[in-house]
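Below you will find the structure I want to go over with you.
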Amino acid sequence: MAVVDPVPAAMDALVGKLRGLGSAPACYTEMSAEIFTKHAGVSAVVITTTSSAHLAAILVSAAAGKHIFVEKPVCATVSEAQACLAAVEAAKVVLQVGFMRRYDNDFAEVQRVVASGGVGEVQMVRVRSFDGFKQPTEYYRSSGGLYLDMACHDLDMARFISGLEVESVAVNGSVTVDPAFKDFGDIDTSTISLKFANGALGVVENLRFAPYGHDTQVEVVGSLGSVASGPNPQRTVRHSTASGVAMGRIAEHMPRFDPCFLAEMESFIAAVRSGEAKGPTAADGVANLVLVEA
């Protein structure tokens with residue numbers, strides 16, 4: 001096992017955890033082909049760097065014949081993602097993209113109902129993602145922007161739950177949460193209108209901060225009915241009194257999606273063992289960035 005991280009403090013923290021589990025990884029500050037020469041027994045690579053560093057890491061890993069898990073988005077641009085797709089196809093290795101929401105039990109059930117014909121012909125799709133926790137301004141400044149950093153999850157979810165490809169995209173964006181977003185040319189509020197290949201319409205709603213807490217929802221309406229999930233189905237307790245109704249507030253996404261991160265990694269391990277992709281692929285990553293850049 002080897003760990004690569006240019007930030008010593010981050011590397012030390014991870015290595016400490018791994019040693020606590022009985023591992024003794026070698027440590028490097030830069031990704032290179034030499035690492036795979038020294039550690040020929042390594043069969044897979046997990047990439048969780050900033051998106052700007054994904055391309056180089058994927059190319060060197062594919063060239064070494066290693067299966068790859070990469071956090072979303074697969075790369076920073078469509079052209080980079082296409083280069084990665086070509087590289088993994090040539091190397092015949094698995095590349096799985098970290099769209100962990102596909103592993104949420106409720107969202108997966110929505111997808112299953114739609115795929116089985118339970119709502120008939122898909123007519124409308126709605127995906128909402130509101131953050132309930134404000135990140136430091138510097139995070140947003142270096143995030144790549146709302147569409148690359150945040151909406152990419154929801155655009156993937158729109159394709160996943162509907163089973164349809166998107167033909168056209170139109171966006172409206174604004175700054176309603178914090179004027180600081182204007183300082184670095186970003187937005188914090190957005191709606192994305194979609195038109196799918198079968199003529200169905202969709203909307204993706206994004207908000208960098210909702211004061212009432214994290215809010216993630218999906219819904220598909222079809223010719224025979226509808227299926228929906230959210231908001232926050234893991235917190236469904238309601239306390240009703242003469243004064244009104246109270247519900248628990250989930251401030252941020254981790255309590256909601258923690259199990260998904262484990263499930264996607266289990267899926268990747270199964271893919272490494274079988275040599276067959278089990279989750280979102282490089283092609284899904286390319287399709288996602290096409291929508292992000294649109």
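On a 1.4 Å probe surface of the protein chains, which of E80, E30, E276 comes out largest in accessible area, and what is the full order? Mind showing how you got there, number by number?
Values: E80 45, E30 135, E276 115 Å².
Correct descending sequence by accessible area is E30, E276, E80.
When you take every Cα atom in the chain, what is the radius of gyration, and what is Dmax, the widest Cα pair distance, in Å?
20.2, 69
Compute the semi-axes of the equivalent ellipsoid of the range 83-220, taking the square root of 5 times each eigenvalue of the Cα gyration tensor, and list them largest first in whole Å.
In descending order, the three semi-axes are 27, 21, 15 Å.
While we're looking at this one, here's another question. Taking amide H positions as placed in the peptide plane 1.01 Å from N, state which residues far from I47 in sequence (5 or more) or on other chains have amide H under 5 Å from it.
Under 5 Å from the amide H of I47: F69, V70, E71.
Separate question: What is the extension gain from A24 to A228, computed as 0.36 nm multiplied by their sequence separation minus the C-alpha to C-alpha distance, in nm to one decimal?
68.9 nm
How much length would be gained if the chain were fully extended between E89 and R112, taking 0.36 nm per residue of separation minus their Cα-Cα distance, in nm to one decimal?
5.5 nm
Per Stokes-Einstein, at 37 °C and 0.692 mPa s, what whole-number D in µm² s⁻¹ belongs to the range 105-160, with the Kirkwood radius over Cα pairs as the hydrodynamic radius?
244 µm²/s
Would you list which aspartates and glutamates come within 16 Å of K38, measuring only between C-alpha atoms, while excluding same-chain residues fewer than 8 positions from it?
Answer for K38, where 16 Å is the Cα cut-off: E30, listed by chain and number.
While we're here: Just to verify a number: what accessible area does R208 come out at with the full protein assembly present, 1.4 Å probe, Å² rounded to tens?
Counting only protein heavy atoms, the figure is 0 Å².
Counting only heavy atoms of the protein chains, get the accessible area per residue of the chain (1.4 Å probe) and round it to a whole Å² value.
On a per-residue basis, 49 Å².
Now for a separate question. Provide the per-residue ³J(HN,Hα) series for the range 171-180, in order, calculated from phi with Karplus coefficients 6.51, -1.76, 1.60 and θ = phi - 60°, each as a whole number of Hz, with x at glycine and proline positions.
Result, ordered by residue: 10, 10, x, 8, 10, 10, 8, 8, x, 4 Hz.
When the accessible area of the chain is split by element with a 1.4 Å probe, what percent falls to carbon and sulfur?
55 percent
Just tell me which lysines come within less than 17 Å, Cα to Cα, of K134; anything on the same chain fewer than 8 places away is out.
Those lysines meeting the cut-off are K182.
Enter the accessible area of T137 (Å², nearest 10), with the probe set to 1.4 Å and all protein chains included.
Surface accessible to solvent at T137 totals approximately 60 Å².
Still on this structure, please answer the following. With a 1.4 Å probe and all protein chains kept in place, how much accessible area does M150 have, in Å² rounded to the nearest 10?
In the full protein context, M150 sits at about 10 Å².
Sequence-distant or interchain residues sharing an amide H contact under 5 Å with C27, placed H: which?
For C27, whose amide H was placed from the backbone, the distant partners under 5 Å are V3.
Before anything else, pin down the relative contact order of the range 1-149: Cα pairs under 8 Å, at least 6 apart, normalised by residue count, whole percent. Don't skip to the end; give the middle numbers.
On the way: 142 pairs, mean separation 22.8, N = 149.
This gives 15 percent for the range 1-149.
Using modelled backbone amide H atoms (1.01 Å from N, in-plane), which distant-in-sequence or interchain residues come within less than 5 Å of F209's amide H?
Residues meeting the criterion, in which the H sits 1.01 Å from N, are D131.
Taking the chain as the reference, fit the longest principal axis to its C-alpha atoms, fit the long axis of helix 254-274 to the helix C-alpha atoms, and give the angle between the two in degrees, 0 to 90, nearest 10.
Its long axis makes an angle of about 50 degrees.
Quick check: with the 1.4 Å probe, what order do C260, C27 take by accessible area, largest first? Working shown, then result.
Values: C260 5, C27 60 Å².
I get C27, C260, largest accessible area first.
Starting with the highest mean, order 211-217, 200-206, 171-177 by the number of other Cβ atoms within 10 Å, averaged over the residues of each peptide.
With the highest mean Cβ count within 10 Å placed first, the list reads 200-206, 211-217, 171-177.
Take the alpha carbon atoms of the range 21-56, find their center, do the same for the range 66-85, and report the distance between the two centers in whole angstrom.
Answer, in whole Å: 16.
A further question follows. Quick one: of the DSSP bridges fully inside the chain, what percent are antiparallel, nearest 5?
Taking every DSSP beta bridge within the chain, about 65 percent pair in antiparallel fashion.
The values are calculated or read from the model by the stated rules, or taken from the named source; none is laboratory data. Here the structure is a predicted model, which is why all the values come from computation and not from measurement. Heads up, the Cβs are rebuilt from the backbone with ideal geometry, glycines too, and the neighbour counts pull from every protein chain shown. Accessible surface areas use protein heavy atoms only, side chains included; no ligands, DNA or RNA. Shrake-Rupley method; radii C 1.70, N 1.55, O 1.52, S 1.80 Å.
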